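Chemist: Take this structure first; my questions come after.
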Amino acid sequence: MCRDCGCAESESFRVHSTSSGHAQAPFATADDGWHAHTADDGSHSWHRHGNQGHVQPILDANQRQAESNRTLFNERGIIAFNLVSSPGSGKTTLLRRTLERLHPRIGCAVIVGDLETQADAEALRPTGAPVVQITTGTVCHLDARMVAAALETLPRTGIRLLFIENVGNLVCPASFDLGEAHRIVLLASTEGENKPLKYPPIFNGAEAVVLSKTDLAEPAGFDRVRARAAVAQVAPGAAIFELSSRTGEGLDAWIAHLEALLPGSR
Amino acid sequence: MHEAAICEALLGQLTTLAARRDWPRLQEVRLRVGLLSGVAPEALEFAFSALAAGTVAEGSALVFETEPARFACITCGEIDHDRLEFVCPRCGGPLRLLHASRDLFLCGVTPSSG
């Protein structure tokens, strides 16, 4: 059923209900799917059905590149993660702790995006894992093309987990698939419990949500139960981890989760 | 976000469509927008009014039809809601999101008559 005019979607039988309730055949159709009927006032309203009118080719181009990245990840046996959060939620510190625990036992690599500086890449290099920094200039998100270019500079073998640390931003990265297997969203205890309800597009569809900086939860008055409930409202099915990269609280469960995603681990 | 780029794409489609049918002008352009599309109707409207100048869509009205999202309320069951508010419009209880569209579609146009 077309919500625009109430006509049936069937290709072979297109009859339209006009506002007066009379069924009327469309007076013109074409191979591009557009057709029309006459309204009571004599005006012609044209429309088409289904998903023929996608008007986001910028995002479509990104989607094609993302699928190509995904294929490449699969061919190389890489599980890719897209880490997103507000600026300052602890993505880099969590990655550092994660790499310290996993690499080189399990081969890891990082692609990290920021508007400027190599600071995050430098913070991660002591872990020994290959790290590529993308500086986006003024661009507020990573896109699949940037990730494809960064992949060229990473080793072709030996990477099992690839962490893509996105630009700190809870809005735009939601619209750009990078080809990752899993999106991970971080929410620091200093940000408040309602963030998932305020930014649904980024939280919805996340494989896991990490409530970070739990060592600051008490002084910040952060209610973990409410935060978990908010995540469950927006992203049902997402795994939730509470951890502090600083004290190490909760890191074991996070590391075990990552290891369990590796093929053959279950 | 990215409203200007989306607008350029939309105007390209409208220009092609109008040229094929010899429509000199459009009166109305209808879009169907998903609640997780990341498209803000106000921002798109603003970009459209600026970028449509000199095209077949100059002066046309942009009409948005929101594709409702499906939620679950523990009291009222599954409901459709056209805002991502997470509060049940019937009982005021918390809502859990089951499905919302990330798409934006051009679904209808009305050419100017006369």
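Chemist: Being surrounded by 18 or more Cβ atoms within 10 Å (Cβ to Cβ) and in contact with a strand residue (DSSP E or B) (Cβ under 6 Å, 6 or more places away or on another chain) narrows it down to one residue among B:Leu11, B:Leu35, B:Leu44; which is it?
Modeler: Every option except B:Leu35 fails the conditions.
Chemist: Please specify each residue of segment A:71-105 satisfying the condition of being open to solvent by 10 Å² or more (accessible area, probe 1.4 Å) and of a type in the set (A, V, I, L, M).
Modeler: A:Leu72, A:Ile78, A:Ile79
Chemist: May I ask you to verify whether A:Pro155 is open to solvent by 10 Å² or more (accessible area, probe 1.4 Å) and either at the interface with chain B (Cβ under 10 Å from one of its Cβ atoms) or closer than 17 Å to A:Val132 by Cα (or both)?
Modeler: yes
Chemist: Run A:Ala148 past the list (1) open to solvent by 10 Å² or more (accessible area, probe 1.4 Å); (2) in a helix (DSSP H, G or I); (3) in contact with a Phe, Trp or Tyr (Cβ under 6 Å, 6 or more places away or on another chain) and report the number of the one that doesn't hold.
Modeler: For A:Ala148, the exception is condition (3).
Chemist: Moving to a separate point now. Mind checking which residues of segment B:1-41 are more than 8 Å from chain A (Cβ to nearest Cβ), part of a helix (DSSP H, G or I) and over 27 Å from B:Ser113 (Cα atoms)?
Modeler: B:Glu3, B:Ala4
Chemist: Does any residue of segment A:120-139 turn out to be in contact with a His (Cβ under 7 Å, 6 or more places away or on another chain), β-branched (Val, Ile, Thr) and open to solvent by 10 Å² or more (accessible area, probe 1.4 Å)?
Modeler: For segment A:120-139, residues in contact with a His (Cβ under 7 Å, 6 or more places away or on another chain), β-branched (Val, Ile, Thr) and open to solvent by 10 Å² or more (accessible area, probe 1.4 Å): present.
Chemist: Please specify each residue of segment A:212-230 satisfying the condition of being in contact with a Lys or Arg (Cβ under 9 Å, 6 or more places away or on another chain) and within 12 Å of A:Asn194 (Cα to Cα).
Modeler: Hits for segment A:212-230 are A:Phe222, A:Ala227, A:Ala230.
Chemist: Please tell me if A:Val210 is modelled with pLDDT of 95 or more and either on the phi > 0 side of the Ramachandran plot or of a type in the set (A, V, I, L, M) (or both).
Modeler: For A:Val210, the condition - modelled with pLDDT of 95 or more and either on the phi > 0 side of the Ramachandran plot or of a type in the set (A, V, I, L, M) (or both) - is met.
Chemist: Next up: If you take the residues of segment B:83-114 that are small (Gly, Ala, Ser), touching a strand residue (DSSP E or B) at 6+ places or on another chain (Cβ under 9 Å) and open to solvent by 30 Å² or more (accessible area, probe 1.4 Å), which of them is farthest from the other protein chains (Cβ to nearest Cβ)?
Modeler: Checked segment B:83-114; the qualifying residue farthest from the other protein chains (Cβ to nearest Cβ) is B:Ser112.
Chemist: Looking at segment B:71-82, can you tell me whether even one residue there is more than 11 Å from chain A (Cβ to nearest Cβ), without any contact (Cβ under 8 Å) to a residue 12 or more places away in the chain and open to solvent by less than 40 Å² (accessible area, probe 1.4 Å)?
Modeler: Yes, that holds for at least one residue.
Chemist: Applying the selection to segment A:207-230, what residues are open to solvent by 10 Å² or more (accessible area, probe 1.4 Å) and closer than 16 Å to A:Leu83 by Cβ?
Modeler: A:Glu207, A:Lys213
Chemist: Being in contact with a helix residue (DSSP H, G or I) (Cβ under 9 Å, 6 or more places away or on another chain), buried (at least 20 other Cβ atoms within 10 Å of the Cβ), touching a residue at least 12 places away in the same chain (Cβ under 8 Å) and in a helix (DSSP H, G or I), is that true of even one residue in segment A:107-116?
Modeler: no
Chemist: Which of the residues belonging to segment A:171-193 are over 28 Å from A:Gly107 (Cβ atoms), part of a loop (DSSP other than H, G, I, E, B) and modelled with pLDDT of 95 or more?
Modeler: A:Glu193, the sole residue that qualifies.
Chemist: Can you pull out every residue in segment B:49-84 that is among the polar types (S, T, N, Q), in a loop (DSSP other than H, G, I, E, B) and under 26 Å from B:Glu3 (Cβ atoms)?
Modeler: Within segment B:49-84, B:Thr55, B:Ser60 qualify.
Chemist: Would you be able to say whether some residue in segment A:233-254 is open to solvent by 10 Å² or more (accessible area, probe 1.4 Å), modelled with pLDDT of 95 or more and closer than 19 Å to A:Pro173 by Cβ?
Modeler: Within segment A:233-254 (the criterion being open to solvent by 10 Å² or more (accessible area, probe 1.4 Å), modelled with pLDDT of 95 or more and closer than 19 Å to A:Pro173 by Cβ), the answer is yes, since at least one residue qualifies.
Chemist: Yes or no: segment A:28-43 includes at least one residue that is at pLDDT below 75, assigned to a strand (DSSP E or B) and among the hydrophobic types (A, V, I, L, M, F, W, C).
Modeler: yes
The values are calculated or read from the model by the stated rules, or taken from the named source; none is laboratory data. Since the model is a prediction, treat every value here as computed from it, not as a measurement. Here Cβ is always computed from backbone atoms with ideal geometry, including for glycine, and neighbour counts include all displayed protein chains. When the accessible area is computed, the model is the full protein with side chains, heavy atoms only, and any ligands, DNA or RNA have been set aside. Shrake-Rupley method; radii C 1.70, N 1.55, O 1.52, S 1.80 Å.
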